[in-house]
Amino acid sequence: MDKGGIEYNHEATRAVRIISVLVGPILALYSVLIVVGIIPSTHQVSPLFAVTVASLWIGVSIYYYFVPAKNVADELIRLGLIHVLALIMFLFVIGFAQPLTPLFVLLFLASNLFLRRVGIAVSVALLVIAAGIDCAMLYQTYPTIVIENGLYVFSTIFLGLAVVAFVNAQETKRRALAHSQNRERLQYDRLLTIINNLTDAAFTTDEKGTILMYNAACLDLLDTNESLKSKNIGDLFSLTDTAKNSQSLVDILHDAKKATRRDDLNHTYSDGESVRLEITYAPIRSSFSLRKRKDELGGYILIMRDVTKQKSLEEERDEFISVVSHELRTPITIVEGTLSNLAVLMNRDEKASEKIIKSSVLTAHDQVLYLAKMVNDLSTLSRAERGVADAPEAIDVAELLHTMHQRYEKDAEAHHLHLNLDIQPKLGTVMVSRLYIEELLQNFITNAIKYTKEGSVTIAASRHKDMVTFSVKDTGIGIGRTDQNNIFNKFYRSEDYRIRETNGTGLGLYVSTKLAHKLHTRIKLSSRLNHGSTFSFELPVE
């Protein structure tokens with residue numbers, strides 16, 4: 001941190017501790033050698049003074065090394081004390097024209113770490129002042145001391161400034177590198193945050209397809225909890241195209257020259273389940289390769305999503321539109337042709353037989369009714385798909401079935417059928433959409449009346465514990481086993497000639513399955529050819 005222009009950091013703290021533990025013992029040992037006369041010196045004040053300063057050096061060195069500074073002020077005091085002890089040692093014991101004078105370079109470095117230029121200036125000034133005092137004190141005795149001190153001090157200052165400049169240059173590079181690494185780490189963290197917040201699976205790989213980075217959605221897509229890092233992405237996906245031909249994801253990536261999107265690939269899991277994938281992938285080109293004008297690949301980025309349901313819906317929609325268009329075309333063509341023939345007959349022969357006119361009008365009317373029924377079925381299907389009017393309400397089961405019986409009783413009588421009502425007491429209420437349950441029962445009842453030539457149709461309900469079973473039973477033509485597997489498909493109509501004799505869109509039971517799904521139930525069918533059919537479903541009682 002930076003306080004008042006003073007930079008306090010771990011490097012400066014460590015430097016002061018190392019200087020104190022290195023310089024102190026060296027100077028103390030050198031002083032002892034002077035005291036015992038091994039090294040001559042003209043600066044020694046007294047052996048006791050020299051030993052005292054040396055002992056103080058050693059004590060300070062040990063203390064500073066084992067007791068780290070607590071704050072900036074503590075560090076500055078320590079640095080100042082080291083300067084004072086060093087200058088006293090050189091001024092009164094060793095002298096400046098000695099081989100140990102370059103040790104001041106270490107003090108320059110410590111000052112530079114704390115105070116930068118100000119610290120260097122203060123250290124240099126103290127050294128020059130102390131050397132000047134030394135010259136003044138001994139000039140009369142040793143006139144050459146000025147030259148000697150000057151050479152040693154100048155050399156020390158020059159060496160110190162050179163070392164400090166070199167250290168500062170290295171520090172600048174280190175800080176620039178650290179700043180660049182921090183920025184890179186920040187960008188990496190931002191990218192990782194973005195990737196992890198994507199709902200789609202996102203991978204980055206090297207040029208060989210080895211995974212470098214991925215998000216949580218990748219684990220969901222691959223249905224695994226194992227780490228994917230360093231695995232080859234081609235080994236994780238078993239891909240086939242729409243023609244069931246095996247595809248290698250790594251080969252697909254290698255062929256990529258630009259960002260590409262594909263949605264024609266299927267991935268098969270180990271258990272045999274297959275999903276359709278939409279894959280967007282692109283090669284990564286580094287800025288270095290662009291500067292060097294070389295095609296240097298930095299890997300690939302892939303974004304995947306499971307579009308199985310989406311593709312299924314699209315294919316179903318396309319098929320639905322195609323079939324509806326075909327089914328609508330037939331009655332419209334018949335109506336148009338019938339009315340055109342009728343117009344021609346009336347224009348040519350004003351006395352055209354009433355029988356022909358009546359037949360043509362009835363044919364056109366039947367086809368219009370057929371179209372109206374198809375439009376109604378499509379409208380019901382659309383409401384069910386969009387969830388329109390699906391708000392549940394409490395419906396009394398007995399009251400509902402009585403209403404349905406009254407609504408279709410006359411229709412049954414018109415077909416010379418008995419419409420029976422068989423309900424148990426205390427059926428209770430169900431909490432469902434009234435529109436959906438009425439239309440579901442309506443489809444069963446109208447189909448039963450349509451395909452029953454004689455006999456009866458029975459609307460029934462029974463309760464077992466907390467479930468009520470609705471059923472519509474007829475004595476009609478029944479449904480063959482083959483047709484039972486297909487009648488709930490859209491636009492399916494049996495090849496039975498008795499069914500072909502009646503108009504039908506082939507949508508009624510398909511719409512019924514959608515309505516049953518919205519009511520959270522399933523339709524059950526029990527039928528025997530020429531013996532009638534029973535359609536039923538269950539709902540919980542409130």
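The values are calculated or read from the model by the stated rules, or taken from the named source; none is laboratory data. These numbers were taken from a predicted model, which means no experiment stands behind them. Here the Cβ is made from the backbone with ideal geometry for all residues, glycine too, and neighbour counts use every protein chain on show.
Assorted remarks:
- Subset of the range 152-203 (residues that are aromatic (F, W, Y), touching a residue at least 40 places away in the same chain (Cβ under 8 Å) and over 28 Å from A121 (Cβ atoms)): F203
Rundown of residues vs (1) assigned by TED's automatic domain parsing to the domain that holds M89; (2) assigned to a helix (DSSP H, G or I); (3) aliphatic (A, V, I, L, M); (4) at negative phi, yes/no style:
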site: D134; (1), (2), (3), (4): yes, yes, no, yes
site: Y142; (1), (2), (3), (4): yes, no, no, yes
site: G150; (1), (2), (3), (4): yes, yes, no, yes
site: V153; (1), (2), (3), (4): yes, yes, yes, yes
site: A162; (1), (2), (3), (4): yes, yes, yes, yes
site: E184; (1), (2), (3), (4): no, yes, no, yes
site: Q187; (1), (2), (3), (4): no, yes, no, yes
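- Boolean, V105 is in contact with a Leu (Cβ under 7 Å, 6 or more places away or on another chain) and either of a type outside the set (A, V, I, L, M, F, W, C) or surrounded by 15 or more Cβ atoms within 10 Å (Cβ to Cβ) (or both): yes
- Against the conditions (1) surrounded by 14 or more Cβ atoms within 10 Å (Cβ to Cβ); (2) part of a loop (DSSP other than H, G, I, E, B); (3) touching a Ser or Thr at 6+ places or on another chain (Cβ under 7 Å), S230 satisfies every one except (1).
- Some residue of the range 280-290 being at pLDDT below 70, among the polar types (S, T, N, Q), surrounded by 14 or more Cβ atoms within 10 Å (Cβ to Cβ) and farther than 29 Å from Y510 by Cα: yes
- Residue match in the range 92-105 (condition: modelled with pLDDT of 80 or more and on the phi > 0 side of the Ramachandran plot): yes
- Scoring Y436 on the criteria (1) in contact with a Leu (Cβ under 7 Å, 6 or more places away or on another chain); (2) within 26 Å of L529 (Cα to Cα); (3) at pLDDT below 90 leaves a single failure, condition (2).
- Residue in the range 33-40 that is surrounded by 15 or more Cβ atoms within 10 Å (Cβ to Cβ), under 30 Å from D74 (Cα atoms), aliphatic (A, V, I, L, M) and at pLDDT 75 or above present: no
- Unmet criterion (only one of (1) assigned to a helix (DSSP H, G or I); (2) crowded, with 20+ Cβ neighbours inside 10 Å) for F96: (1)
- Conditions (1) within 30 Å of Q140 (Cβ to Cβ); (2) out of contact with any His (no Cβ under 7 Å at 6 or more places or on another chain); number of the one not met by E75: (1)
- Filtered residues of the range 499-539 (kept if at pLDDT below 85, of a type in the set (V, I, T) and within 41 Å of the chain's Cα centre (by Cα)): V511
- Boolean, L85 is under 19 Å from S46 (Cα atoms), in contact with a Gly (Cβ under 9 Å, 6 or more places away or on another chain), surrounded by 19 or more Cβ atoms within 10 Å (Cβ to Cβ) and at pLDDT 80 or above: yes
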